[in-house]
Structures are given as structure tokens and as C-alpha cells.
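In what follows, a structure is listed as C-alpha cells, so that the remarks can point back to it.
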Amino acid sequence: MICNVHSLGLSGINGYEVQVECYITNGLPAFEIVGLPDAAVKEARERVRAAVKNSGFKFPVSRITCNLAPAGTRKSGTLYDLPILLGILCATDLCRLPKERCAFLGELSLEGAVRPVPGVLPMALAAKEQGIESLYVPAENAPEATLAQGITVYPVKDVSQLVSHLRAEAPIEPQPEWKPGGAKHKVLDFCDVKGQENAKRALEVAAAGSHNILLVGPPGSGKSMLSRRLPSILPDMTREEALEATKIRSVLGLLPSDDPLVRERPFRSPHHTISSAGLAGGGTNPRPGEVSLAHNGVLFLDELPEFRKETLEVLRQPLEDGFVTISRVNGAVSYPSDIMLVCAMNPCKCGWYGDSSGRCTCSKSAVDAYLSRISGPLLDRIDMIVEVASVDFDNLRRRTPAEPSSEIKKRVDAARARQHARFAGSDTQCNARMTPAQMRAICILDEECTALMREAFDALGLTARSYDRILRVARTVADLDGSDQIQSHHLAEAIRYRSFKLGET
């Protein structure tokens, strides 16, 4: 007796179809699972055996072989418990599979309950692409699975309920498509920030073009406060961007069952003790890191020089390519990492170098040693370096609220709308992601701008990469100004964001 049950697997954040083939024959009792299973898949034998018996069915005393095809791809996780159990029940004529193409996944408890598993959304999207009409998932994962749209999702609570459904004794009602309801989470607002108009303007430019930015200033100047309010002025995510961010959290099992869609741009702020694998991703079975969890959002690195230098260096490739590739003996996995990098740091170890109070106790060599923790190639990938000075007393005692995030966001949205219209029909979404060909066609400088750029190039010792980044920022400043051409004052503002030198006052 043989039975084939469709299931799914995960490779990175993408799903693929898996065929669970169950073969029961006479011979000495045995239960084997083949097809490159990991330890969690092999342990399914005991969970399935107990779940079958505790659900009121007889476990066959025969030789059972379960093959997970494609047999050359390594399988991991506990999601194959349910299809393996169903294959055994169908092979012994205890129930029958539906006539339509359907797939099953879920972890089993020893009592026969179906427990949630990670990665349901990417697998549901893969099932839809493979033409599967019905998907049977754990009840807690059902709202997440409906985000795939166009596929019928059945929430399964336990084995007995599923068997009754397949026998047409007590049909399971399909899960209704999840719809976002209620207000979004309240975000921090720029109206709380007193003073720091220069830094707020720089963050507005960064948000409008998705540019990487570094804030430098003494303790208490508001660097972290400003950075944590950045999501409040970023453009709303499209459905495609929301699904990409949701897929990453789904793979890690971080989605709440009552609100499975990520609707706000991610803001990740890892501690400076994080490892390279924690930041970029890794592990025996590679998992996404913080740089991927911040995909389509903000990765905030506070106290930048306190991060280990080798940890920061892993950001160089993701910042350029928009994805991170993790290679292991079993293969390579790529995770998206299209992020806006926001960093904050003190100018020296004590934090007061260059401050008018004269409180700095660091020697020049100590300052240089502190700043040398950040490599030149990484700094070259940051579009804007902005000094955040201490707030004076008059600004602190001011009671009139500052400009709210809602007003700043209107200008950012208008600038992004100009960019979307400009890059229509291409993969580019914002100025920071312009290709060299697009820059040649869009970032055209007149004679006055060319002379200004030449002077800045020689005076600041710019590289080819920093030259391109200045042009991208200048194009964003022009978009905020509603201008079709980059003018000299747009370029001058962009150059100002590259003219601040670490370790100089």
C-alpha cells in the first residue's frame, strides 16, 4: 500500500513543494523516514506513532517507509509530522485525500493536537504558485496563510478533526481571509524633539531618498531620540514590501497569530555585543539576521564604534547589493537586506571631543584609536554624516511644539512620488538605489554645479563611490524642493552632508 501526500518545504524565505510518499508492506515492524531528513524530521516517528494511537486509531504493525521527495534536498523542521501521519492513515484506508490538489503541514503533539510551525506564509505563496487549491495548516497559522490569497486555507486543530473532515463527517470551515483592523501601533513623533533643526532636515532628506546616515555628537544631544522617530516620516509600505518583511518574520516564527501582516516599516536596533552571525544571519541551517529583519526598513546601530570591527564589516556587501548570501557546506541561501542604515556615535571615548564645554579628556591618539574602529570602506557606504550638537538652554525651555512628523512625512511622500514616477518600469524605487545608467541620465550637472563638485572632490578627497552618493543625495534634495534639475544650492547641501570629518573640529 502506498500513498502520496503533498507538503511544502523552506529554502531561505522561499517555499518549494515536497512529496511525502508513504509505503506500508509486510515484514518486520519498522518505521523509516528517508529523503535527507534532519534530527527533527527523524523524531517525527515517535510523535506520529503516539498521535495516531492517542487519536483513537490503530497504528499499523508493518514495515513503514516514508520518503520526502525531492530526496536530494535536505529537509528540516517539524512541519512534516502531519503529512506523514496522513500518509499512514490513507495507506491503511482509514481516510482518503480530497480530489482537489491539496497540501498539508503541521507539527503534532503526542496527544494528536496540531501545533504551529514557522514559515507558513512563504510556503502558502509557493503552494499557490504550484497550483495547489487547498492548504491544511495548524489553526494558529491559518490567518497568516490566508495572506497568500487565491488559495483555500483550512485551520486544523487536531488529528481527529482532520480525519472527520476527510471522511465528510464534520467538514472544517475554511479560514476567512485576514483583514487588517484597528489602528497601527503608535510611533514616536518629531514634535517631541526640541531644536536640532539641522539634524531633522538631514533625516528628512535621508527618508526621502532612503539614504544611509551617520549622526555624530556628544552624549545627550538627541542622536538616539532623533533616530527612533525616523519611522514616523518614512513612506507607507506597499503590499509587496509588507509581504517580504512578513515572510522573513514568518521563517523565524515571530508573527503573532492575531496580527500576522507587518504593516509598519521595521526598525531594528541590535546591541553592540551582537555577533557577525546575529547581524548578517547564519547557523547550521542558515537563518536571517538583523540586517534581513530590517529589510524595507531601518537598521539602527547606536554607539557604532562599540561594535566589533569584524561584525561591522559584514554589512559592506548587503549595503551594496541589497541582499546577504550565507554559504554553508549544504548550499547557499540568500536573504533580502534592502535597508536604510542609520548610525549614531560619540566623537570620542568620553563623548565630548570638540564640544564647546571643553570637558573632553581624550588625547588626540585616543580619539584616533576610537575612530579607527570604523573602517574607511564602511564610512564610504554612508551617504550622509551629520554633526548633532548639544541642545542649548533656550531650546530646551521652549514650550511650543516642534513640527510634527505628519507634516514632514507629507514632504517625504511627495518626494518619493516624484521618484516613483521617474523610475516607473524599472526595479529602482528610490534615489539611493539608482543604477549608474540612471544616474548618467538623471543627475546632470550644469557648469556651475560641475565647478562646485570639482572643488569639493579635490578639497574633501572624495572617492568615486562618495562622488556618486553626493549626486544621489543632491537629487533627493532637488526632489524635496520640487525641482526637475539639480541646482547649485541642492548640490551644496549634499556636499555639506559629506564634509564633516571624524576626529576634526
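Here are some notes:
- Taking the criterion of being of a type in the set (D, E, K, R), in contact (Cβ under 8 Å) with a residue 60 or more places away in the chain and part of a helix (DSSP H, G or I), the residues of region 113-160 that qualify are 140, 144.
- Among (1) farther than 25 Å from residue 401 by Cβ; (2) buried (at least 17 other Cβ atoms within 10 Å of the Cβ), the one test that residue 205 misses: (1)
- Looking only at region 153-195, and only at residues there that are open to solvent by 50 Å² or more (accessible area, probe 1.4 Å) and either under 30 Å from residue 395 (Cβ atoms) or touching a Pro at 6+ places or on another chain (Cβ under 7 Å) (or both), the one that is modelled with the lowest pLDDT: 185
- Set side by side, the residues 278, 220, 253 differ, and just one is among the small types (Gly, Ala, Ser) and assigned to a helix (DSSP H, G or I), which is 278.
- Restricting region 42-95 to residues that are part of a loop (DSSP other than H, G, I, E, B) and acidic (Asp, Glu), the residue that is least open to solvent (accessible area, probe 1.4 Å): 43
- Unmet criterion (only one of (1) touching a helix residue (DSSP H, G or I) at 6+ places or on another chain (Cβ under 7 Å); (2) open to solvent by less than 40 Å² (accessible area, probe 1.4 Å)) for residue 264: (2)
- Qualifying residue in region 416-431 (condition: open to solvent by 30 Å² or more (accessible area, probe 1.4 Å), touching a residue at least 40 places away in the same chain (Cβ under 8 Å), more than 15 Å from residue 211 (Cβ to Cβ) and part of a loop (DSSP other than H, G, I, E, B)): no
- Members of region 97-112 that are in contact with a Pro (Cβ under 9 Å, 6 or more places away or on another chain) and either assigned to a strand (DSSP E or B) or surrounded by fewer than 19 Cβ atoms within 10 Å (Cβ to Cβ) (or both): 103, 104, 107
- Hey, residue 168 among the small types (Gly, Ala, Ser), part of a helix (DSSP H, G or I) and more than 24 Å from residue 13 (Cβ to Cβ) or not: no
- Boolean, residue 251 is touching a Leu at 6+ places or on another chain (Cβ under 7 Å) and at pLDDT below 95: yes
- Number of residues in region 328-367 that are surrounded by fewer than 15 Cβ atoms within 10 Å (Cβ to Cβ) and over 29 Å from residue 242 (Cβ atoms) equals 11.
- Among the residues making up region 22-39, those that are in a strand (DSSP E or B), of a type outside the set (A, V, I, L, M) and open to solvent by less than 60 Å² (accessible area, probe 1.4 Å) are 22, 25, 31, 37.
- Conditions (1) of a type outside the set (A, V, I, L, M); (2) over 30 Å from residue 480 (Cα atoms); (3) in contact with an Asp or Glu (Cβ under 8 Å, 6 or more places away or on another chain); (4) open to solvent by 30 Å² or more (accessible area, probe 1.4 Å); number of the one not met by residue 224: (2)
- Scanning region 316-327 for residues that are surrounded by 13 or more Cβ atoms within 10 Å (Cβ to Cβ) and either hydroxyl-bearing (Ser, Thr, Tyr) or closer than 16 Å to residue 251 by Cβ (or both) returns 323, 324, 325, 326.
- For region 365-376, the count of residues that are part of a helix (DSSP H, G or I), of a type outside the set (A, V, I, L, M), at negative phi and touching a residue at least 60 places away in the same chain (Cβ under 8 Å) is at least one.
- In region 396-417, the residue that is nearest to residue 186 (Cα to Cα) out of those that are touching a helix residue (DSSP H, G or I) at 6+ places or on another chain (Cβ under 6 Å) and β-branched (Val, Ile, Thr) is 408.
- The numbered conditions (1) out of contact with any helix residue (DSSP H, G or I) (no Cβ under 7 Å at 6 or more places or on another chain); (2) free of Cβ contacts under 8 Å to residues at least 60 places away in the same chain; (3) of a type in the set (Gly, Ala, Ser) are all true for residue 334 except (2).
The values are calculated or read from the model by the stated rules, or taken from the named source; none is laboratory data. Quick caveat: nothing in here was measured; it's all calculated off a predicted structure. No Cβ is skipped: glycine too gets one built from the backbone with ideal geometry, and neighbour counts run over all protein chains shown. Heads up: the accessible areas ignore ligands, DNA and RNA and are worked out on the full protein's heavy atoms, side chains in. Shrake-Rupley method; radii C 1.70, N 1.55, O 1.52, S 1.80 Å.
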